[in-house]
Amino acid sequence: MVEDIATLVTSLGFPSIESFLGLIILVLLIIGAIVVIVTIRPVQNIFPYTYPNARVRGRAGKIFTEKQFSEIIEAGNIDEVKNYLRGFPDYAKYIDQYPLEKALDTQLAENYDLIARITPANSRDAFKFLLKKWDIRNIKSIVIAKKAGLSAEETLDLVVPFGDLTAKLDALVDANDINEVLSALEGTEYTSIIEDAIPVYEETGMLLPMEASLDKYLLENLLRTITTPEDDNTALLKSYVGSMVDAANLKIILRAKVDGLKFEDIDPYMISDGYQIREWKLKDLMEAEDVSGVVSGLEGTEYAQVLSEAMSQYTETGSIGAFETALDKNVSETAKRISLKNQFGIGPMIGFLSKKEKEIKNLKIIVRGKREEGFTPAMIKEMLI
Amino acid sequence: MVEVALGTALAAIGAGVAIGFAGLGSGIGQGIAAAGSVGAVAEDEEMFARGIIFTALPETQAIYGFLIAILLMVFTVMAGKALSPALGLVAIGAGAAIGFAGLGSGMGQGIAASSSVGSVVEDPDMFARGIIFTALPETQAIYGFLIAILLMVFAGIMGG
């Protein structure tokens, strides 16, 4: 037997059995190396997300269920709502510290902040930029508060202590008018936006253009942070941000059409390059005669279906709210799709943020319902998203 | 210097492959499971014990690889047995069987364990189902382990 093997090895051109075995071992080593590389590669994409996803799923598990929402809705008054929320450590830490709405927003902002800190490097820039949402929200609140003549203390109750501007919040809150707000913002990326918006504000007294410019700055630059996706995860993040950008553009166009505004009135506030709705399409939509022209102009995109369903509701009620609700629902559906499709990557984080936003919006609806007279639990339930 | 027969040297390579690759898979799998568990514990301290259980599951592949490596060494190198080159190749086959099976099984189990930890921290009722799903990728390692044992027994390395 051994001699047969030796003869076979020699007939194959090997001088000895040792050299033949050497070759076999070398081949096995190469195969082993290939197996290891091929097997490990997919894990390299999964590994950075395991820690953040576990944390995020831990928080997602604490999002209120329908039953819990029903219990909150049944609360007799605002204090009972507060007491209910005190039973949850995530809310309890803010409930006694801040007014209720601020406590809810702060809890939401804390989650954005957590994700920006723990997300893997390839999506960190986008989530960090998303934190500017709170800067913009704070600037809007401060400007509105100054216009309404609120005191520094009252203004402070409106701002959320998250974002890049936390160090400047005291100066912003203490400002007496919009010009002082502008001085306090000196050196930040928001100065030029506010500067450009002040003449319009002084002329018309409307804050809407300033708010629209700030929203445009956030979404336009957020989309830029992920212009060229590095991998599947950033591509999915781009599609999520893209759906937010498209929704924002469509809301502006639809609102403008209801108010009878023309192309040149709304063009400055459009986010120049949408995601599914590109620049040329946006121009077509802005030039549409009315709301139905906008909806029919969307034929061939996923928004045609989304908005045509809301169109009948709009025709009945004349309220633009139906479109806004449909577009918001589409953004959360996109988030849900991503979270189911990409469970080992960025999916759970996007899904969680979307769910958390919805939870806070619903809690605010309940709080408003409890604060104002005449809203029964059934009516509040009807208003929930 | 001790003279080692070529076949015995090949069996030593088999032992290395067995624990090397199985340990690699187990280590990566356990790392993934541990990263998920740390995240879960950061959110909920009560997850510590369950996190440890899920993190420990991908350990088994390394144990199988370790056992095969020990058996190979005990019956060849440590027994001072001069194995023929053909038996040496069988030993490499046995080592590769548990090594590669443990590599895939360990990594798969780690991913399943990490995902299960996420499910459990989201919904504690998922614990038992998480354990079942996480245990499934164990089977590949068991196949590899069985084949390695059978190869060693029937080729005469063990008990021969």
Scan segment A:276-296 for residues that are touching a residue at least 12 places away in the same chain (Cβ under 8 Å) and part of a helix (DSSP H, G or I) and jot them down. A:Lys281, A:Leu282, A:Lys283, A:Asp284, A:Leu285, A:Met286, A:Val291, A:Ser292, A:Gly293, A:Val294, A:Val295
Here are some conditions: (1) within 26 Å of A:Leu222 (Cα to Cα); (2) assigned to a loop (DSSP other than H, G, I, E, B); (3) open to solvent by 10 Å² or more (accessible area, probe 1.4 Å). A:Glu299 meets all but one. Which one does it not meet? (1)
Hits in segment A:1-15 (condition: more than 11 Å from chain B (Cβ to nearest Cβ), surrounded by 10 or more Cβ atoms within 10 Å (Cβ to Cβ) and not aromatic (Phe, Trp, Tyr)): A:Thr7, A:Leu8, A:Thr10
Any chance A:Tyr112 is more than 11 Å from chain B (Cβ to nearest Cβ), open to solvent by less than 60 Å² (accessible area, probe 1.4 Å), under 21 Å from the mean Cα position of the chain (by Cα) and not acidic (Asp, Glu): yes
Please tell me if B:Ala97 is under 9 Å from the mean Cα position of the chain (by Cα) and in a helix (DSSP H, G or I). no
Scanning segment B:106-127 residue by residue, those open to solvent by 20 Å² or more (accessible area, probe 1.4 Å) and assigned to a helix (DSSP H, G or I) turn out to be B:Gly108, B:Ile111, B:Ala112, B:Ser115, B:Ser119, B:Glu122, B:Pro124, B:Asp125, B:Met126, B:Phe127
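Yes or no, residue by residue, for (1) under 30 Å from A:Asn342 (Cα atoms); (2) away from every other protein chain (no Cβ under 13 Å):
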{"site": "A:Ile17", "(1), (2)": "no, no"}
{"site": "A:Leu26", "(1), (2)": "no, no"}
{"site": "A:Val36", "(1), (2)": "yes, no"}
{"site": "A:Ile46", "(1), (2)": "yes, no"}
{"site": "A:Arg55", "(1), (2)": "yes, no"}
{"site": "A:Gly61", "(1), (2)": "yes, no"}
{"site": "A:Gln68", "(1), (2)": "yes, yes"}
{"site": "A:Asn77", "(1), (2)": "no, yes"}
Would you tally the residues in segment B:128-160 being open to solvent by less than 70 Å² (accessible area, probe 1.4 Å), farther than 30 Å from B:Leu89 by Cα and β-branched (Val, Ile, Thr)? 2
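One line per residue, one yes/no per condition, for (1) closer than 27 Å to B:Ile149 by Cβ; (2) surrounded by fewer than 21 Cβ atoms within 10 Å (Cβ to Cβ); (3) away from chain A (no Cβ under 12 Å):
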site	(1), (2), (3)
B:Leu6	yes, yes, no
B:Ala9	yes, yes, no
B:Glu46	no, yes, no
B:Thr60	yes, no, yes
Only one of A:Phe88, A:Phe47, A:Phe129 is under 29 Å from A:Pro209 (Cα atoms), aromatic (Phe, Trp, Tyr) and open to solvent by 10 Å² or more (accessible area, probe 1.4 Å). Can you tell me which? A:Phe129
Cβ-Cβ under 9 Å pairs, at least 6 apart or on other chains, segment A:182-206 side under 17 Å from A:Lys132 (Cβ atoms), far side open to solvent by 70 Å² or more (accessible area, probe 1.4 Å) and not in a helix (DSSP H, G or I): A:Thr188/A:Asp164; A:Glu189/A:Asp164
Result of the Cβ filter at 7 Å on segment A:164-176, keeping first residues that are open to solvent by 70 Å² or more (accessible area, probe 1.4 Å) and partners that are of a type in the set (Lys, Arg), at least 6 apart or interchain, is A:Asp164/A:Lys132
Does B:Ser37 meet the test of being among the polar types (S, T, N, Q) and touching a Pro at 6+ places or on another chain (Cβ under 8 Å)? no
What's the total number of residues in segment A:48-79 that are free of Cβ contacts under 8 Å to residues at least 12 places away in the same chain, within 22 Å of A:Pro377 (Cα to Cα) and assigned to a helix (DSSP H, G or I)? 4
Flagged in segment B:26-43 as over 14 Å from the mean Cα position of the chain (by Cα) and either crowded, with 22+ Cβ neighbours inside 10 Å or within 7 Å of chain A (Cβ to nearest Cβ) (or both), in numbering order, are B:Ile32, B:Ala33, B:Ala34, B:Ala35, B:Gly36, B:Ser37, B:Val38, B:Gly39, B:Ala40, B:Ala42, B:Glu43
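The values are calculated or read from the model by the stated rules, or taken from the named source; none is laboratory data. As the structure is a computational prediction, the values presented were derived from the model and not from experiment. So basically every Cβ, Gly included, is an ideal-geometry build from the backbone, and we count neighbours across all protein chains shown. To get the accessible areas, we keep the full protein, side chains included, count just its heavy atoms, and leave off ligands, DNA and RNA. Shrake-Rupley method; radii C 1.70, N 1.55, O 1.52, S 1.80 Å.
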